[in-house]
Amino acid sequence: MGATTTIKYEPVIGLEIHAELLTNTKMFCRCPVVDPTISPPNTAVCVVCTGQPGVLPVINKRAVEYAIMVGLALNCEIRETSIFARKNYFYPDLPKGYQISQYEYPLCINGWLDIELENGQTKRIGIRRAHLEEDTAKNTHLNDGTSLIDFNRSGVALLEIVTEPDLRSAEEVEAFARKLRAILQYLGVNNGDMSKGVLRMEPNISVRPIGSDELWTRTEVKNLNSIRNVARATAYEIERQISTYESGGQVIQQTMGWDELRQITVPQRGKEDAHDYRYFPEPDLPPLQVSHEWIEEIRAKMPELPDVKRQRYMDELGLGEYDASVLVADRAIAEWFELAVSEGGDPKNLANWIIVEMFRLMNKDGLEREQISEIKIQPAQLVALIKLVEDRIINNNTAKKVLATMYAEGGDPVEIVKAQGLAQETDSSVLQAAIEQVLDENPDEVQRWLNGEEKVEKFLFGQVMRALKGKADAQILGPLLNTALRNRHE
Amino acid sequence: MTTLTALSLTEARAGLQKGDFTSVELTQAYLDRIHALEPKIQAFLNVTTDHALASAKSADQRLQQGDTSPLLGIPVAIKDVLTTKDIETTCASKILKGYIPPYTATSVQKLFDAGMVMLGKTNTDEFAMGSSTENSGYFTTRNPWDVERVPGGSSGGSAAAVASQMAPVALGTDTGGSVRQPAAYCGIVAVKPTYGRVSRYGLIAFASSLDSVGVFGQNIEDTALVLQAIAGHDPCDSTSLLAEVPDYLTEMRKGLEGMRVGVPKEYFADGLQPEVAAAVRAAIDQFETLGADVREVSLPNSEHAISTYYLIATAEASSNLARYDGVRYGARKNESTLWDTYRATRGQGFGSEVKRRIMLGTYALSSGYYDAYYLKAQKVRTLIKSDFDRAFEEVDIILGPTTPSTAFKIGEKTDDPLEMYLSDIFTVTANLAGVCALSLPCGFDNQGLPIGLQIHAPFLQEARLFRAGYAYQQATKWHQQHPTL
């Protein structure tokens, strides 16, 4: 029988990221940047961002600074001269009939970002470009066929980041997305909120036979409101394309939307014909000049980024690579951890408590790890809890219960221990009395121990602990029990 | 008192300061003259009587308090492509009918701050696209020297208003000659400053890299005074220049002695009306008599100026005019779908010349044509710039005709857009190169129509334009001629 050959496919994926910059004012006017989900419509608008006749744009210097920070963090070349361009198309959310963006000469080019894979290896993902542009207004379509436009978002500074098509799986996409988001948050230029569209990620996906170096038809997926959905949509789209080819079909170049309910990608409706954006240099803005000195000034004041922080946690705080990676994966986690360390906590102990116990509680509650700053437990309180264990006021198991109380209700661990009477029993006479009572109540087990069955000691230990409601100081109880058993020998 | 409107700005200023008359009286005199002549000339889209009298009243208060600001209490007409807060601004387009801007253009605001009194908004070709005001969405302005003829354009309303003494001075805009050409046709002075010398904020864009705010006056001194007030950097316009503004009136009086004057050989080719050529040659002789050192220069790429201009200007216009979609302001023609609404709004709101230019510009920027048209035009533009750079290494100013002929008849060129475009042949180069230029009267043709002399000076050398023009006007009387109305 001849061998049947089946084609094995590999995905080729690039990401396009739009990050609203956390500037106080918009990209080209002085309107404040507001949260569009809570601000009344059209209250943060002016003649410039509504495209009145005769108005002119003025570049927001802070937005340029933020873009340079991201460019440096992504190891990009920062161009000393970049050029804004007009992208022309008609749509009611675009008040001027064109978007001011950068096209041929973007601010940041040719960068890279290393991501850590499950197997412990790192992979370098190319960054093609990062450029500045302005956001559009927001349309709301009503059931009666009319549409409303809110210009609060119109003109908000956006950074568009485009990767090379270097990603090969949904897992890689997720790792990249998480790391990029962490960097944006570390830099303080974006809050990482994908549910409100403050950060948007759109994968461009194609597949091809392994070994081929041609690029097959790609699709773009929009509407992704979380990193988890970016990964899910990518995985789905890869499978959809492979099965399309395997059943003899062709993938069509188009924009897909993610249907969260059905967990599938669907072609987006209502797309006009292929646009010719007629890009040309924006005549209202001279070329953007950034001096080498300014770039270096910005570089010097950049905060510590995840990779450097992780290395420092390993070198200076003695953490293992896994713990360090988990703690630096998000700015909020690292900040929480560092606050706790500054309160005098032992870094290794803290890492263990945060990663194992606190994340377990948060996970059970449906919280993401980066929501650590929203929980009731304060860094100093975790330090205090660990100190109670170290001082042998409570044992480990009690500490976990106290932590659960702190998580659920908040409060100081010392107070909780006091209020609930959870302090360890260290009084030898109390322990001694409990031991004698348990031994008296379990003559068979005592006999088995006396006959050399040593593991029974563990059972008896548990019985004493139970009698003392788990509060016995194990380090005292152990030797006392052993002595008491020996004494029964005689 | 019947002749208040016959005064130049400089004379009127002296009268106001001495208390010979008030700004309200002066303003009323102009309003009365507008009332009398407007049916014949049709220079104004909107006469802002109440606004004018209120401004005049507050100017009189400042005058009484001893304020000697040079423009205080002086009336002015404003081209309707400059925005004025709470006052309708339409660019003479139906698509902006009823549009009330929520802000005032920087150049206009500077005049208001200086105490000037706006008489009204003047007619123009729609969105400043044209050379005759025949493309106005409302009506055609008449040339005060012959009402059967065009006043030139696009700032024809402002030029006709000043020439007929319905306003002592006026603001216009110049993208390819739109203040100089009508100034030549109407026998008055107009300056197109260096690109970036005056803020474009509030100038409703036609072609952003070419648009300039310009000034009309009856003589050099009046024109210089108004430019003095509006020149300078504006934080709202990133293309406006940071350079200091010199004192033009002081510079103006320095005389022609030793000034090197260039005459481009390309400007006296076929197609130039013989009387225009003769008048301009006579003016050049006059400059020599006054002590200037005249020599021939070459601007070899001038022949490509018109085609270069019409690619760049239309490309930018196609993008600049995209905002007129009926969504946020102006006229909207509602249809059942968004795209039909766009089509109907723009189809009915824009006139045919505007549509022609939007289509030309859209084509020039289209994928596959961009390199051959827009990009190539930008390269030729650089060549035209270097023509001027090279010429200005040898000479201080360049003299030539403003237009190839005097004012043409209404309707004469409306069927042939290319013929119309050629009336800008000598003026578009200054916009492409970004340099400053001025037109002033230098004679009349056989039919008694005014002829314009154009002076070019290098980047930011407006003072040199005024110096040359002032010396010439001290020696000649062309600028003192007024049409009989």
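Values as computed for the structure displayed
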{"item": "Cα coordinate range in segment A:291-343, projected on the principal axes (Å, largest first)", "result": "40, 21, 18"}
{"item": "Convex hull of Cα atoms in segment A:9-296, direction-averaged projection (nm²)", "result": "16.7 nm²"}
{"item": "Peptide-level mean, for B:197-203, of C-beta atoms on other protein chains within 10 Å", "result": "3"}
{"item": "Share of Cα-Cα pairs in segment A:428-489 lying beyond 17 Å, as whole percent", "result": "26 percent"}
{"item": "Distance between modelled label sites at B:GLU419 and A:SER291, nm, 7 Å Cα→Cβ extension", "result": "5.7 nm"}
{"item": "Where N is the number of residues in segment A:376-490, Cα Rg divided by 2.2 N^0.38 Å", "result": "1.25"}
{"item": "Size of the B/A contact, given as accessible area buried on both chains, probe 1.4 Å, in Å²", "result": "2900 Å²"}
{"item": "Estimated FRET transfer efficiency (B:ILE100, B:GLU25; beta-carbon r; R0 45 Å; 0.05)", "result": "0.90"}
{"item": "Å² of accessible area per residue within segment B:303-378, as computed with a 1.4 Å probe and no ligands counted", "result": "43 Å²"}
{"item": "Mean separation of Cα contacts under 8 Å, 6 or more apart, over the residue count of segment A:304-420: relative contact order %", "result": "22 percent"}
{"item": "Segment A:1-85: GluC sites (Glu not before Pro) in DSSP loop, at most 16 other beta carbons within 10 Å", "result": "A:GLU80"}
{"item": "Among B:GLN28, B:ALA159, B:LEU227 the positive-end extreme of the charge dipole of the protein assembly as shown (Cβ point charges)", "result": "B:GLN28"}
{"item": "Across B:LYS121/B:LYS376; B:LYS94/B:LYS376; B:LYS94/B:LYS121; A:LYS96/B:LYS85; B:LYS94/B:LYS379; A:LYS87/B:LYS192, pairs whose alpha-carbon gap is larger than 26 Å", "result": "B:LYS121/B:LYS376; B:LYS94/B:LYS376; B:LYS94/B:LYS379; A:LYS87/B:LYS192"}
{"item": "Packing-based ranking, highest mean first, of A:211-224, B:64-77 given that Cβ atoms within 10 Å are counted", "result": "B:64-77, A:211-224"}
{"item": "Rg(Cα)/(2.2 N^0.38 Å) for chain A, N = residue count", "result": "1.30"}
{"item": "Cut-off under 5 Å, modelled amide H: who pairs with A:ILE264 long-range", "result": "A:ASP259"}
{"item": "Exposure ranking of B:THR3, B:THR49 by accessible area [1.4 Å probe, largest first]", "result": "B:THR3, B:THR49"}
{"item": "Span per principal axis, largest first, for the Cα atoms of chain B (Å)", "result": "64, 52, 45"}
{"item": "Assigned charges on the beta-carbon of Lys, Arg, Asp, Glu; segment A:9-296 dipole about Cα centre (debye)", "result": "520 debye"}
{"item": "Scattering curve values for segment B:303-378, log₁₀ I(q)/I(0), Debye with Cα scatterers, q = 0.11, 0.13 Å⁻¹", "result": "-0.33, -0.45"}
{"item": "Whole-Å distance, taken between Cα centres, linking segment A:338-388 and segment B:5-52", "result": "79 Å"}
{"item": "Cut-off 15 Å, label 7 Å out along Cα→Cβ of B:LYS85, residues of segment A:31-73 by amide N", "result": "A:46-48"}
{"item": "Inter-label distance, nm, simple model (7 Å from Cα along the C-beta direction), A:GLU374/B:GLN17", "result": "7.0 nm"}
{"item": "Those lysines that a straight Cα-Cα span of less than 27 Å connects to A:LYS471, excepting residues fewer than 8 apart in one chain", "result": "A:LYS348, A:LYS364, A:LYS376, A:LYS387, A:LYS400, A:LYS401, A:LYS418, A:LYS455, A:LYS458"}
{"item": "Whole-Å distance, taken between Cα centres, linking segment A:131-176 and segment B:351-430", "result": "40 Å"}
{"item": "Carbon plus sulfur fraction of accessible area for segment B:303-378, probe 1.4 Å, in percent", "result": "53 percent"}
{"item": "Overall Cα dimensions of the protein assembly as shown, principal axis frame, Å, largest first", "result": "144, 88, 60"}
{"item": "Principal-axis tilt of helix A:61-73 within chain A, Cα atoms, nearest 10 degrees", "result": "60 degrees"}
{"item": "Gap separating the Cα centres of segment B:452-474 and segment A:44-98, nearest whole Å", "result": "39 Å"}
{"item": "For chain B, the longest site-free run once chymotrypsin sites (Phe, Trp or Tyr not before Pro) in DSSP loop states with at most 15 other Cβ atoms within 10 Å are removed", "result": "B:140-368"}
{"item": "Taking only Cα atoms of segment A:299-448, radius of gyration then Dmax in Å", "result": "19.7, 74"}
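The values are calculated or read from the model by the stated rules, or taken from the named source; none is laboratory data. All values reported here derive from a predicted model rather than from experimental measurement. Quick reminder, even Gly has a Cβ in these numbers, built from the backbone with ideal geometry, and neighbours come from all protein chains shown. For accessibility, only protein heavy atoms count, side chains too; no ligands or nucleic acids. Shrake-Rupley method; radii C 1.70, N 1.55, O 1.52, S 1.80 Å.
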